[in-house]
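A.B. asks: Structure provided below as structure tokens; questions to follow.
The values are calculated or read from the model by the stated rules, or taken from the named source; none is laboratory data. What you are looking at is a predicted structure, and each value in this text was computed from that prediction instead of being measured. Every residue, glycine as well, gets a Cβ built from its backbone with ideal geometry; the counts of neighbours run over all protein chains shown. Calculation scope for accessible area: heavy atoms of the full protein, side chains included, ligands and nucleic acids excluded. Shrake-Rupley method; radii C 1.70, N 1.55, O 1.52, S 1.80 Å.
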Amino acid sequence: MSVLAGLALDQAFGEPRHGHPLVAFGRYADRLEARLNGTDGRGWRSHGVTAWCLAVLPAVLIAWLLCSLPGIGWLVEIALLYLALGLRSLGEHATPVIAALRAGDLPRAREAVGRIVSRDTRALDADGVARAATESVLENGSDAVFGALFWFAVAGGPGVVLYRLANTLDAMWGYRNERFERFGWAAARIDDGLNLVPAQLTALTYALLGNTGRALGCWRRQAPAWDSPNAGPVMAAGAGALGVSLGGPAVYHGVSHDRPALGEGAAPVARDIERALDLAWMGVALWCVAILLVGWLDA
């Protein structure tokens, strides 16, 4: 029931507009990184490991203590799941892209998709905007929704805190550039490890809820060529399930990357972004049933 309560809070209120704990955590992480890595990226892998432990482990310990409190521990767990989920946010960020594409307003569509992806969106055509948004929905469905649900089911409140903070540090430090190549190594690898099982389950969920044969085929053939061991299966299976073509060239921080192709079919349009959101929603419903069934069998 805690899962349903956390999801209900997410749908009712969305992400807190003010005072979100992740904002304070991000400021703390920035200070740690500045102290241990410096402005010129002189920190080594050991500094990154130390910073990760100082950032994450105290918060996980506090979460464990609070969730163990008699009488109110279950309320703390629900609150922690709510703060970690991003299902409503997924739709709130994708909807302006869909609306702008349907209105034929390419500049506004570029601006809207630029808020949810890290690539350069200034030169994207309508197909490129729809492709970027569809990829973002599929991948962030895994990161912001299914990963959080998985770790909550496995380890309750402390598990979802561990996952969400590790995922946040990967987004902050997990870059392969001069500054973070060494320091961010631990954040990137730990996030990869924590997402390994949830990403495979997310890919399987997308496949089951779409064109299953095509999704499984794309996953098997295309995912190994993708840089990320987790994003590859999720987006390949998702693209195959939807019957669209994703991947291809993209510009990140001024550098063009020729990414492998994902999926099969035509380039995505506004409707396919909606279909990706529907896939995430149906997946959440399926996961809730599975989690409740497992809990009932263990009772």
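A.B. asks: Provide the net charge surrounding Ala148, with neighbours chosen by a C-beta distance below 12 Å and charges set as Lys +1, Arg +1, Asp -1, Glu -1.
C.D. replies: -1
A.B. asks: Something else now. Please give the contour-minus-distance gain from Ser256 to Asp278: 0.36 nm per residue of separation, less the Cα-Cα distance, rounded to one decimal in nm.
C.D. replies: Difference between extended and current length: 4.8 nm.
A.B. asks: Using a 1.4 angstrom probe with every protein chain in place, what is the largest-first accessible-area order of Ile116, Ile62, Ile190?
C.D. replies: Ile62, Ile190, Ile116
A.B. asks: Separate question: Where does each of 36-46, 271-281, 199-209 land if you order them by average Cβ count within 10 Å, highest first?
C.D. replies: Peptide ranking by packing, descending: 199-209, 271-281, 36-46.
A.B. asks: Also: On the accessible surface of the range 1-141, probed at 1.4 Å, how many percent belong to carbon and sulfur atoms?
C.D. replies: In the range 1-141, the share of accessible area belonging to carbon and sulfur is 62 percent.
A.B. asks: If you don't mind, another one. When the helix-only estimate is applied to the chain (DSSP H runs of n ≥ 4, each -39,500 (n - 2.57), divided by the residue count), what is the mean residue ellipticity at 222 nm, nearest 500 deg cm²/dmol?
C.D. replies: The helix-only estimate for the chain comes to -23500 deg cm²/dmol at 222 nm.
A.B. asks: Counting only protein heavy atoms and using a 1.4 Å probe, what share of the accessible area of the range 171-289 belongs to carbon plus sulfur, as a whole percent?
C.D. replies: 60
A.B. asks: Under 5 Å between amide H atoms, partner at least 5 residues away or on a different chain: which partners does Gly248 have, H built in plane at 1.01 Å?
C.D. replies: Distant-sequence amide H within range of Gly248: Arg259, Ala261, Leu262.
A.B. asks: Only helices at least 20 Å long along their own axis, judged from Cα atoms, and with Kyte-Doolittle mean hydropathy of -0.5 or greater: name those in the chain from DSSP H.
C.D. replies: The qualifying helices are 21-37, 45-67, 87-102, 126-141, 147-173, 185-209, 270-298.
A.B. asks: A follow-up question, please. Compute the normalised compactness of the range 1-101: alpha-carbon radius of gyration over 2.2 N^0.38 Å, N being the residue count.
C.D. replies: Normalised Cα radius of gyration, the range 1-101: 1.38.
A.B. asks: Which one, Val145, Ile190, Val244, projects farthest toward the positive side of the charge dipole computed for the range 143-299 from Cβ point charges (K/R +1, D/E -1)?
C.D. replies: Projecting each Cα onto the dipole axis, the largest value belongs to Val244.
A.B. asks: On full extension of the chain, what length is gained from Leu297 through Glu92, given 0.36 nm per residue of separation minus the C-alpha to C-alpha distance?
C.D. replies: 70.2 nm
A.B. asks: Probe of 1.4 angstrom, ligands and nucleic acids ignored: what's the accessible area per residue over the chain, in square angstrom?
C.D. replies: For the chain, the per-residue accessible area is 48 Å².
A.B. asks: Now for a different question. Just how far, in whole angstrom, is the range 278-292 from the range 125-157 if you go by their alpha carbon centroids?
C.D. replies: 13
A.B. asks: For the range 204-255 and the range 165-201, write down the distance between their C-alpha centroids in whole Å.
C.D. replies: For the range 204-255 versus the range 165-201, the Cα centre distance is 20 Å.
A.B. asks: Another question, if that's okay. Output needed for the range 200-284: three equivalent-ellipsoid semi-axes, defined as square roots of 5 times the C-alpha gyration tensor eigenvalues, in descending order, whole Å.
C.D. replies: Calculated on Cα positions only, the semi-axes equal 20, 15, 12 Å.
A.B. asks: Return the FRET efficiency for the residue pair Leu75, Leu54: r is the Cβ-Cβ distance, R0 is 45 Å, and the value is rounded to the nearest 0.05.
C.D. replies: 0.95
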